[in-house]
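> Below: one structure in structure tokens.
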Amino acid sequence: MMQPRKFRFMLTVLFSIAFASHVLAAAHMYRRVKIDAGVIEGSVSGDVLSFKGIPYAAPPINNYRWRAPQPVMPWTGVRDATAFGHDCMQEPQAGDTAQPRTTPAEDCLVINVWRPAATALHKKLPVLVWMHGGAYLFGGSSPAIYDGSSFARSDIVFVSFNYRLGRFGFFAHPALIKANEGSVGNFAYMDQIEALRWVKRNIAVFGGNPDAVTVMGESAGGISVVALLTTSKAKDLFQRAIVLSGGGRTFLLGGRKLTGGTPAERSADQIGANFAERVGIKGDGRRALNALRALPAKAILSELNTSTYVGGPIIDNDIVIGIPQVILQRGEAVRVPIMIGSTTQDLSQDLSAFLQPLPENPLSYFGADTAKARALYNPDGKLDQTQVRLAVGADMTIHEPARFVAKQMIQAGMPVWLYRFGYVAESMRPKQPAASHASELPFLFDTLDTRYGDGVTEKDRAAAKNFRNYFINFVKSGQPNGQGLPIWPKFDPFRSDVMMFTPDNGPIAQPDPWKDRLDLVEQAADAHAAIDKRDKD
């Protein structure tokens, strides 16, 4: 007679085999789907089904260069969707921890979907749409660090996509405006909006709920989420938002007017004309526009400097009607629940380019409160000017603006959860005392092995699990709390608490240790904004 323990073991094995067979059968059944442009076929990896390189707009090449996204040409037969499409045109960046795994090209407007392989399509799972960072110059949806499998295993339909970068994504020229082909300037944002429209139309066939969409982005992707919150063009395309290191007062990058510039403050069309003249193209008619569209892609990539590239978003009074600060203060932003935050050593490079004005002494930004600022930022006088600039710059561009967005959205009646990520992978601690810009991403995506290899520890995995689970809960329910997690209270502007993801003690909701610094930055930022408004009036 078989022993009970052996019998139970055999039952477990048989059940596992049966379950695996069920998963494979279901995955095969759901691998082929019909979207609005035709039939696609994805691939199965374990318990995850993915579809990659799906065009969500026509290739933005030839006469479609510097146009709003155009409709995809439908196809017949079954289109292979097992490999990433091209990431958008960019110069490779040595040392980037999120290196694209494709050859960049202009034909890059593609979208990717991950879903649990065996989950029935009628379940209508929540959807998370990811927008990559990279200063609007680099990055894409193919880097291994952005793999969507972990979210799919958590019963979320995960979506990522590419959007045009650099001068392909943000560009204006008198000939382009004169052609009257539609909105001009913010082609990257037009791509993002079109990708969300694609999700609205198609995500149900992947088992996703088009009425439960969360947009999430980091760095330039986070800036983009703030832009989506502050444009009417994205209304009703998402129901929740997550901003990682995306500022919130200004665009950080770009912010020029489309037309009407002056010698002191050149507009986007003037900067575009400067670029055209540098490559030998003059005039504002069809011949000039045709010549611009005939330029090799590498020529458009060249010399992205302040005289020939606008640097990012353009105030076009269509998609971008003003800086986020003003729109948020007017209460005109899209009203959705938000998670927003930063890392403890965010934007760790020299931020002098972001400081307005550009003082030799960064503390002079605080005007009459310079002495108070010195006491907060450099009380013992041991920091040099660069270190002080880094601290002041990060507070100005990332930390305080995140709190600013939280305050404005709370005032608009929306729930907000504010965080600061301070966990550092144990293998990095000898040389990295705090969490640098984008260092939270492998924890969020559960791709620690891709980033740190054999150096990953159990403590790292536990930190990743806690951090990721808050985001998963938010995507599913509109709030981050759940079983087994320390309570994360909604942001209260009168308490100014923050959820700290600490290096050694896990997640802790606590009074913000930088409150006094951020209060001073807030006061200075409001004062500078008032002066700017007065000067323009």
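The values are calculated or read from the model by the stated rules, or taken from the named source; none is laboratory data. For clarity, every value in this text was computed on a predicted model and none was experimentally measured. So basically every Cβ, Gly included, is an ideal-geometry build from the backbone, and we count neighbours across all protein chains shown.
Matching residues to (1) part of a loop (DSSP other than H, G, I, E, B); (2) among the β-branched types (Val, Ile, Thr); (3) assigned by TED's automatic domain parsing to the domain that holds residue 116:
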| residue | (1), (2), (3) |
| --- | --- |
| 54 | no, yes, yes |
| 59 | yes, no, yes |
| 79 | no, no, yes |
| 84 | yes, no, yes |
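> For region 62-82: of the residues being of a type in the set (Gly, Ala, Ser) and touching a residue at least 40 places away in the same chain (Cβ under 8 Å), which is surrounded by the fewest Cβ atoms within 10 Å (Cβ to Cβ)?
Start the filter on region 62-82 by keeping residues that are of a type in the set (Gly, Ala, Ser), which leaves 68, 77, 81.
Narrowing the set further to residues that are touching a residue at least 40 places away in the same chain (Cβ under 8 Å) leaves 68, 81.
Working: 68: 18, 81: 26.
In this case the residue turns out to be 68.
> If I filter region 312-324 for residues that are within 30 Å of residue 500 (Cα to Cα) and either surrounded by fewer than 16 Cβ atoms within 10 Å (Cβ to Cβ) or at pLDDT 90 or above (or both), do I get at least one hit?
The initial filter retains those residues of region 312-324 that are within 30 Å of residue 500 (Cα to Cα), namely 323-324.
Next, only the ones that are either surrounded by fewer than 16 Cβ atoms within 10 Å (Cβ to Cβ) or at pLDDT 90 or above (or both) stay: 323-324.
Scanning region 312-324 turns up at least one residue that is within 30 Å of residue 500 (Cα to Cα) and either surrounded by fewer than 16 Cβ atoms within 10 Å (Cβ to Cβ) or at pLDDT 90 or above (or both).
> Select from region 461-483 the residues that are crowded, with 18+ Cβ neighbours inside 10 Å and of a type in the set (A, V, I, L, M, F, W, C) and list them in ascending order.
463, 464, 467, 471, 472, 474, 475
> For residue 152, all conditions in the list (1) under 16 Å from residue 186 (Cα atoms); (2) in a helix (DSSP H, G or I) hold save one; what is the number of the exception?
(1)
> Please verify whether residue 132 is out of contact with any His (no Cβ under 8 Å at 6 or more places or on another chain), surrounded by 22 or more Cβ atoms within 10 Å (Cβ to Cβ) and within 29 Å of residue 452 (Cα to Cα), treating the condition exactly as stated.
Working: out of contact with any His (no Cβ under 8 Å at 6 or more places or on another chain): yes; surrounded by 22 or more Cβ atoms within 10 Å (Cβ to Cβ): yes; within 29 Å of residue 452 (Cα to Cα): yes.
Judged against the criteria, residue 132 is a match.
> If you check residue 264 against the conditions, is it more than 24 Å from residue 67 (Cβ to Cβ), assigned to a loop (DSSP other than H, G, I, E, B) and over 18 Å from the mean Cα position of the chain (by Cα)?
Numbers: more than 24 Å from residue 67 (Cβ to Cβ): yes; assigned to a loop (DSSP other than H, G, I, E, B): yes; over 18 Å from the mean Cα position of the chain (by Cα): yes.
Considered against the rule, which asks whether it is more than 24 Å from residue 67 (Cβ to Cβ), assigned to a loop (DSSP other than H, G, I, E, B) and over 18 Å from the mean Cα position of the chain (by Cα), residue 264 comes out as yes.
> Going through 450, 370, 397 one at a time, which residue ends up being free of Cβ contacts under 8 Å to residues at least 24 places away in the same chain, farther than 19 Å from residue 508 by Cα, outside any loop (DSSP other than H, G, I, E, B) and not hydrophobic (A, V, I, L, M, F, W, C)?
Values: 450 fails: free of Cβ contacts under 8 Å to residues at least 24 places away in the same chain; 397 fails: free of Cβ contacts under 8 Å to residues at least 24 places away in the same chain.
Result: 370 is the single residue among 450, 370, 397 that is free of Cβ contacts under 8 Å to residues at least 24 places away in the same chain, farther than 19 Å from residue 508 by Cα, outside any loop (DSSP other than H, G, I, E, B) and not hydrophobic (A, V, I, L, M, F, W, C).
> Sort through 459, 407 and tell me the only one that's in the same structural domain as residue 496 (by TED's automatic domain parsing) and out of contact with any Pro (no Cβ under 9 Å at 6 or more places or on another chain). Break it down stepwise before answering.
Details: 407 fails: out of contact with any Pro (no Cβ under 9 Å at 6 or more places or on another chain).
After ruling out the rest, the residue left standing is 459.
> Please state which one of 459, 490 is of a type outside the set (A, V, I, L, M), part of a loop (DSSP other than H, G, I, E, B) and at pLDDT 95 or above. Before you say what the answer is, go through the steps one by one.
Details: 459 fails: part of a loop (DSSP other than H, G, I, E, B).
Just one listed residue meets the conditions, 490.
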